[in-house]
Amino acid sequence: MYHDALTECLECGLLQRNPVLPPGGAAECSRCGSLLHRDRPDSLNRTLALTIAGMVLFVVANSFPFLSFEMQGQLTQTTLLTGVIDLYKAGNWFISGVVLFTSILAPGLQLSLLLVVLIPLRSERMPSWLPRVFRFVRTLTPWGMMDVFMLGILVSVVKLSEMATIVPGTSLFAFGVLILVLAGAQAALDPDLVWSRVPPLKDVSRPIRSGDGHLTCDVCELVMHPSSAIHDGRHLRCPRCTDVLHRRKPNSLQRTWALVLAAIVFYVPANLLPIMTVTSLGRSQSDTIYSGVVFLLTHGMWPLAIVVFVASIFVPLLKLLILVTLLLSVQFRCTWSPRDRTRLYRLTEAIGRWSMVDVYVVTILVALVRLGNLASVQAEVGAIFFCAVVIVTMVAAMSFDPRLIWDVLEREHVRAPDGSGSLTPGPGGQSV
Ligand SMILES: [Zn+2]
Ligand SMILES: [Zn+2]
């Protein structure tokens, strides 16, 4: 099996030899413990099969209603797109756009573009556009949130169960299976295998020696001698995937600080202002995120109340706290347990998307409850701020470069007069 000889851990920046993995085996970074590579047996065929199944399910899930709402003989049905259109018509274009992108466009594009990449790869062809398309697929992956949307459906059904009869539609089942198939396709996909089939545009075989420095592509993870990069007049580009090369994410600290501060500002109105108004039998009641949790709790639905509390109140706050801690620790050159801080960073990346659940609940309720004075739901301004908190904190976590945590330690080590630091020395954390 082909594999790159060297790999740089994208979480701590340590350059290390890439072991040849046994079938199904995985390699972890020897310094921070993050997963470097995993061997996924028969990756191309399995991913292709799951992607085709996913495409079929995606079309079914979007073609039929997924829930019906019945109250006093009146019936409304909703498809995935109904909520997006209703929000747009009501002037909530921001939430409408975010929901359209995360629940329909991103997963749909991800599936169809993956198909476009896998079919020629399987027949050993390499069209010139393939690296760019695959790069885009990888960028889209964190933004597809169908699993979170499913949780949103569950919360909505429970919330409405006292008010009316809720009937699951055909597409709900397709939707449920699609989430499993998408997760399976993602687990089967071996990006290293795809990139290993792409021939670099320039010779990248020049060996990397300690002292020369090296460049690593954040996208295809190619490690190269600086002279192997392509200079396009403005940027250095990766000779394999053509992405712009950076030693670290550009302006990582400043950008993350700006985004974190914006998210903290949005967090206040997101929690104080109502996110929706529910009208039932002529009576209107506005709900904040907190009162939504209390509603679930007082109606005996405490497991769901805990889920919504954790996803909507606790997770955004925890994520902001972790990001501020990480930023301060890098800014003040803190050397406290870099491994734990890298773990904290990994946690913020993994949990952030689940906060979208309340945004989806609002969308589903707006789409489903449309019976005028008898029963209707409107999105309120708090939902816009809340949606902004989730998106901005996700982008903030993406713009933070965890390698900065380790850079401080390397500089401390280089400075140590007796050279007795505990970490492997060398520019850019080389240990080869
Ligand atoms: Zn590492
Ligand atoms: Zn690359």
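The table for this structure:
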{"item": "The listed residue being buried (at least 17 other Cβ atoms within 10 Å of the Cβ), in contact (Cβ under 8 Å) with a residue 40 or more places away in the chain and closer than 28 Å to T393 by Cα, out of A270, A262", "result": "A270"}
{"item": "Conditions (1) more than 16 Å from ligand 1 (Cβ to nearest atom); (2) in contact with a Gly (Cβ under 8 Å, 6 or more places away or on another chain); (3) open to solvent by 30 Å² or more (accessible area, probe 1.4 Å): number failed by D39", "result": "(3)"}
{"item": "Of residues in the stretch 193-252 being part of a loop (DSSP other than H, G, I, E, B) and among the β-branched types (V, I, T), the one farthest from L121 (Cα to Cα)", "result": "I208"}
{"item": "Pairs with Cβ under 8 Å, 6+ apart, first in the stretch 160-187 and farther than 20 Å from P142 by Cβ, second loosely packed, with under 15 Cβ neighbours inside 10 Å", "result": "E162/H299; A164/E70; T165/E70; I166/E70; V167/E70; S171/S63"}
{"item": "Residue check for K249: within 16 Å of ligand 1 (Cβ to nearest atom) and either out of contact with any strand residue (DSSP E or B) (no Cβ under 6 Å at 6 or more places or on another chain) or open to solvent by less than 60 Å² (accessible area, probe 1.4 Å) (or both)", "result": "yes"}
{"item": "Tally, over the stretch 227-270, of residues that are within 16 Å of ligand 2 (Cβ to nearest atom) and in contact with a Gly (Cβ under 9 Å, 6 or more places away or on another chain)", "result": "2"}
{"item": "Of residues in the stretch 1-15 being touching an Asp or Glu at 6+ places or on another chain (Cβ under 8 Å) and within 14 Å of ligand 1 (Cβ to nearest atom), the one nearest to G213 (Cα to Cα)", "result": "L15"}
{"item": "Selection status of L297, modelled with pLDDT under 95 and either over 28 Å from S103 (Cα atoms) or surrounded by fewer than 19 Cβ atoms within 10 Å (Cβ to Cβ) (or both)", "result": "yes"}
{"item": "Test for T288: is it surrounded by 14 or more Cβ atoms within 10 Å (Cβ to Cβ) and more than 28 Å from L326 (Cα to Cα)", "result": "yes"}
{"item": "Some residue of the stretch 277-294 being under 21 Å from E380 (Cβ atoms) and among the acidic types (D, E)", "result": "yes"}
{"item": "Residue tally, condition surrounded by 21 or more Cβ atoms within 10 Å (Cβ to Cβ) and either of a type outside the set (V, I, T) or farther than 15 Å from G13 by Cα (or both), over the stretch 215-227", "result": "5"}
{"item": "Any hit, the stretch 21-31, residues being within 16 Å of ligand 1 (Cβ to nearest atom) and buried (at least 20 other Cβ atoms within 10 Å of the Cβ)", "result": "yes"}
{"item": "Those residues of the stretch 228-246 which are open to solvent by 20 Å² or more (accessible area, probe 1.4 Å), over 25 Å from W406 (Cα atoms) and in contact (Cβ under 8 Å) with a residue 12 or more places away in the chain, in sequence order", "result": "I230, T242"}
{"item": "Close pairs (9 angstrom Cβ cut-off, 6 or more residues apart or separate chains): of a type outside the set (F, W, Y) and open to solvent by less than 40 Å² (accessible area, probe 1.4 Å) in the stretch 189-207, within 12 Å of ligand 2 (Cβ to nearest atom) and at pLDDT below 80 anywhere", "result": "S196/D4"}
{"item": "Lone unmet requirement of (1) out of contact with any Leu (no Cβ under 8 Å at 6 or more places or on another chain); (2) open to solvent by 10 Å² or more (accessible area, probe 1.4 Å); (3) under 16 Å from V324 (Cβ atoms) for Q378", "result": "(3)"}
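The values are calculated or read from the model by the stated rules, or taken from the named source; none is laboratory data. Everything quoted here is computed from the prediction, not taken from an experiment. Here Cβ is always computed from backbone atoms with ideal geometry, including for glycine, and neighbour counts include all displayed protein chains. In case anyone asks, the SASA skips ligands and DNA or RNA and just uses the protein heavy atoms, side chains included. Shrake-Rupley method; radii C 1.70, N 1.55, O 1.52, S 1.80 Å.
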